[in-house]
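**Q** First, the structure itself, so that you have it in front of you.
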């Protein structure tokens, strides 16, 4: 790894997979490399700002939500505090029931964040395992998993999740039950793994032919060892980047699902549901629309930027190319 | 640092003319001397990266006459490919090129794309290393050849196609009319490289740059391709720059050779001279690290260490860390490319004169420690069978052997065509 | 090429069959269509049995599947069966809704592919230019935008926009209530006027989510190709810059984008559902949301199968296009 910069700049032909695998294989190089990657990430200004905003949002939603003086269920029985524009007392204003909008947005953000994190980790795990299996075993295992991916893709994801989780909505008579956010998160996770699986499958297909995997196999490494010690560590950069971006996709998917009425149901809530409930207020009481909207965008945008910063840190050569 | 080759130019005992003597207005074919098809003077190429500038090529100068064959030899990262890309103007925008490249007296550095375009393919053409990737997978071979021809000739598609078939036939592709209608993936590696060679000669260029044309091929195919190149060179009367790390390729084909290391030329001269009497330890090391017929049963002598990073070059000679002859002077200042005792043979080494007295240069790299050889003449062979340099490279012998190999190859293994 | 097409079509058939089975299983998993009805108030056992016979849930799973499959192929798609629902036949509802939605999806796809490819190519060729940075920035924001928010915002600007258009004598062009149920009226130009007024905002919505994807992907794919050996060969041949970019680079860079378009079609369909909800279109989106909420089994099933076939057909077409573009696939 000492001299390739010029060759890369001038000849730019070897794939990043190859280069990275060759280097991560050696433990000391890997350690040195991870320091370099972290340093590169820290230098990525937009990603650092995003990370800061994301963490701040998280703390604001959970700690701020717990400490905030108004309850999301607060109702002004006198009927006087309805549709108040944002003030110092109600920074995000109040809604039709005179409930404090900020308390509701904070609670919606809590749900959206938790669902997004659950979905991202679930879909990434499923995608990585199935993708690695398909790529490693090839043959009928690959055909089976690939056809399964094809099948999942023929039904629009939000409909698939909506249909699957229909049982959890509760009927008009039974609403007021325990809430269904975890069921929505579960089914979203079970649906959104296909893109990760395709990527990991492709990488595994090429990595399994590499010399260091052959060597490990020749030394008697079992399937588990080959896959988890030799192949997957070399896809770690892709996994991490994809997981970060999956957070952003999960927030948007959950919001869309809740928005059309097939997602989170009361007594749970989410930013998407809040917007659904307030979509007609955009002209008359715009704060009810704009605050949840800004929070969704912030979560999803910062997750995307963090993912992008990580990608650049892992593979800076994407920036150096022939014109 | 920049003055070194200029001073050597001034000595007059070389075949290259001083670039200043060229008429600056001389443009186009025929106006300048036959011995000066391509004049590269003080060429440097740097790549700006996030971590600093990579000095890929530093102060390279050479002259190539018509019909001459020049070999450029070096490890990967020595700057040999980058210099050829600089001649073609194919470097990325991140590259900064300084110095001068004159083709028929016409300056190529800084030439606008439109002007450079007219030269590419027709004046200077290029053969790339990997035939698997150097043809466009979505067009037929004949289409790609015709396109190259039509880029420089105003002819009908039909005429260009006929010309393509002719070119394919010239490089020894059987059934060229049928093969022209096929896609690159239907060709074997060797056939594809033949097609790339056909593309490079279709416009009858005066200079062909071959960038490691055989490296990506099977050994048996390598010999065939090399033979084709030599034949084509003779038939088209083109000058050739042969870039390679394979000294065997150079030995059988070129007139002059220049050895590159750390982005610059460290030794240059007529091929027989350089191989028989190297005046730079790196060249000696290169010669010692390849197998050859005279060394059957002997161990190869590798050069210890790795080539330098072009990002942080040492102050002195870039070969110092690996050089058995290195002294303090080598660490402090980079030597100039100076005349040696032989005619038209230059080397970039402070201690080249010490190599005159050396009995067996191979012994240099047999040492356990580097930089420890104070007096090379005192080295004696521990193994009396160890060949001295004259045995190692007998060019005639090697060429004869290579020709025999090719003959045998030709008779026994005609490449399969489909 | 013909052999490839035939083989590709044959491969699609088992996928369609598997997809129908999956859809059937999904609908069963959705729960009891009579759940709400039964819990509204106590029902007589006889009434429950009668309703169950209408719904058809009184038979075992595989019997029902076989029965349904035969009927479906014969064109009998059953009716709305939940008590209190309108008891309309499913097929005409689906056909009319698919007409609305398929048009929206295809228009939006074509426009976003065209503009996405164009901006992607320019971004790649002029890498790190102002244009490249702007497109990258826009793509990032669009990637992170919830589609329904874009739709709500666009819908909210329609009335002021119409007021302004009227003031300059262009009439109230933009319609946010979906295609006219009675069809378009007037001469050719008037139909175009109505049609574009109906489609412009929803198409912009769908364009917004797909454009970012295609643009970024085309840029990356184009950069890969521009760095490839064969583009360098093309330059070394002495071709003009535009020929290198369009004949050699663009032609190759198209190939992976075709795959992305086929993978993205499901997401566009999801987007269409959301967009229709916001704009109150009587399309596939409204149909499925209502059907899922009332647990209308035959409607959901027919919807899923029709959508799956639509998407499989789209993927089939893009696979054939892929083979057309890449001789390595075509001649294999």
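**Q** Would you check if there is a residue in segment A:310-319 being modelled with pLDDT of 80 or more and either outside any helix (DSSP H, G or I) or at the interface with chain C (Cβ under 9 Å from one of its Cβ atoms) (or both)?
**A** Checking segment A:310-319: not a single residue is modelled with pLDDT of 80 or more and either outside any helix (DSSP H, G or I) or at the interface with chain C (Cβ under 9 Å from one of its Cβ atoms) (or both).
**Q** How about segment A:204-216: which of its residues are surrounded by fewer than 21 Cβ atoms within 10 Å (Cβ to Cβ) and in contact with a helix residue (DSSP H, G or I) (Cβ under 8 Å, 6 or more places away or on another chain)?
**A** Answer for segment A:204-216, where residues must be surrounded by fewer than 21 Cβ atoms within 10 Å (Cβ to Cβ) and in contact with a helix residue (DSSP H, G or I) (Cβ under 8 Å, 6 or more places away or on another chain): A:205, A:206, A:208, A:210, A:212, A:216.
Here's the yes/no breakdown for (1) in contact (Cβ under 8 Å) with a residue 12 or more places away in the chain; (2) under 17 Å from residue C:112 (Cα atoms); (3) away from chain B (no Cβ under 14 Å):
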residue	(1), (2), (3)
C:191	no, no, yes
C:215	yes, yes, yes
C:227	no, no, no
C:231	yes, no, no
C:258	yes, yes, no
C:262	yes, yes, yes
C:270	no, yes, yes
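**Q** If you don't mind, there's one more thing I want to ask. I need the full set of residues from segment B:301-329 which are surrounded by 18 or more Cβ atoms within 10 Å (Cβ to Cβ) and more than 28 Å from residue B:49 (Cβ to Cβ), in order please.
**A** Across segment B:301-329, the qualifying residues are B:301, B:324, B:325, B:326.
**Q** Look through segment B:120-144, keep the residues that are facing another protein chain (nearest Cβ under 7 Å) and more than 24 Å from residue B:177 (Cβ to Cβ), and return whichever of them is surrounded by the most Cβ atoms within 10 Å (Cβ to Cβ).
**A** B:126
**Q** On to the next question. Identify all residues within segment B:102-135 that are part of a loop (DSSP other than H, G, I, E, B), touching a strand residue (DSSP E or B) at 6+ places or on another chain (Cβ under 7 Å) and closer than 26 Å to residue B:42 by Cβ; write none if there are none.
**A** Of everything in segment B:102-135, those that are part of a loop (DSSP other than H, G, I, E, B), touching a strand residue (DSSP E or B) at 6+ places or on another chain (Cβ under 7 Å) and closer than 26 Å to residue B:42 by Cβ turn out to be B:108, B:109, B:123.
**Q** Scan (1) surrounded by 13 or more Cβ atoms within 10 Å (Cβ to Cβ); (2) away from chain A (no Cβ under 13 Å); (3) in a helix (DSSP H, G or I) for the single condition residue C:16 breaks and write down its number.
**A** (2)
**Q** Sticking with this structure for a sec: Of everything in segment B:39-83, what is farther than 15 Å from residue B:265 by Cβ and away from chain A (no Cβ under 14 Å)? Give them in sequence order.
**A** B:65, B:66, B:67, B:68, B:69
**Q** Do any helices (runs of 4 or more DSSP H) entirely within segment C:279-332 hold 2 or more residues that are surrounded by 20 or more Cβ atoms within 10 Å (Cβ to Cβ) and in contact (Cβ under 8 Å) with a residue 60 or more places away in the chain, and if so, which?
**A** Counting at least 2 such residues, we get C:284-294, C:297-325.
**Q** Taking strands (runs of 3 or more DSSP E) that fall entirely within segment B:220-326, which contain at least 1 residues that are under 23 Å from residue B:200 (Cβ atoms), in contact with a helix residue (DSSP H, G or I) (Cβ under 8 Å, 6 or more places away or on another chain) and modelled with pLDDT of 80 or more?
**A** In segment B:220-326, B:239-244, B:256-261 are the strands (runs of 3 or more DSSP E) which contain 1 or more residues that are under 23 Å from residue B:200 (Cβ atoms), in contact with a helix residue (DSSP H, G or I) (Cβ under 8 Å, 6 or more places away or on another chain) and modelled with pLDDT of 80 or more.
**Q** Still on this structure, please answer the following. Taking segment C:163-189 only, how many residues are within 14 Å of chain A (Cβ to nearest Cβ) and out of contact with any helix residue (DSSP H, G or I) (no Cβ under 8 Å at 6 or more places or on another chain)?
**A** Residues that pass the stated criteria total 1.
**Q** May I ask you to list the residues in segment A:35-53 that are at pLDDT 80 or above and touching a helix residue (DSSP H, G or I) at 6+ places or on another chain (Cβ under 6 Å)?
**A** Listed by number, the residues that qualify are A:46, A:47, A:50, A:51, A:53.
**Q** Among C:142, C:118, C:147, which is modelled with pLDDT of 85 or more, surrounded by fewer than 17 Cβ atoms within 10 Å (Cβ to Cβ) and either in contact with a strand residue (DSSP E or B) (Cβ under 9 Å, 6 or more places away or on another chain) or at negative phi (or both)?
**A** When all the criteria are applied, what remains is C:118.
**Q** On to the next question. For segment A:257-283, which residues satisfy the criterion of being surrounded by 24 or more Cβ atoms within 10 Å (Cβ to Cβ), assigned to a loop (DSSP other than H, G, I, E, B) and within 9 Å of chain C (Cβ to nearest Cβ)?
**A** A:260, A:262, listed by residue number.
**Q** Restricting attention to segment A:140-198, which residues are more than 7 Å from chain C (Cβ to nearest Cβ), part of a loop (DSSP other than H, G, I, E, B), closer than 17 Å to residue A:255 by Cα and at pLDDT 85 or above?
**A** Once the filter is applied, which keeps residues that are more than 7 Å from chain C (Cβ to nearest Cβ), part of a loop (DSSP other than H, G, I, E, B), closer than 17 Å to residue A:255 by Cα and at pLDDT 85 or above, segment A:140-198 yields only A:192.
**Q** Give the residues of segment C:239-249 that are more than 9 Å from every other protein chain (Cβ to nearest Cβ), under 15 Å from residue C:325 (Cα atoms) and in contact with a helix residue (DSSP H, G or I) (Cβ under 6 Å, 6 or more places away or on another chain), sorted by residue number.
**A** To start, the set of residues in segment C:239-249 that are more than 9 Å from every other protein chain (Cβ to nearest Cβ) comprises C:242, C:244-246, C:249.
Filter once more, keeping what is under 15 Å from residue C:325 (Cα atoms): C:246, C:249.
The answer is C:249, and nothing else.
**Q** Exactly one of (1) farther than 14 Å from residue C:201 by Cβ; (2) assigned to a helix (DSSP H, G or I); (3) under 24 Å from the mean Cα position of the chain (by Cα) is unmet by residue C:152. Its number?
**A** Of everything listed in (1) farther than 14 Å from residue C:201 by Cβ; (2) assigned to a helix (DSSP H, G or I); (3) under 24 Å from the mean Cα position of the chain (by Cα), residue C:152 misses just condition (1).
The values are calculated or read from the model by the stated rules, or taken from the named source; none is laboratory data. Being a predicted model, the structure only gives us computed values, none of them experimental. Cβ: placed from backbone, ideal geometry, glycine included. Neighbour counts: every protein chain shown.
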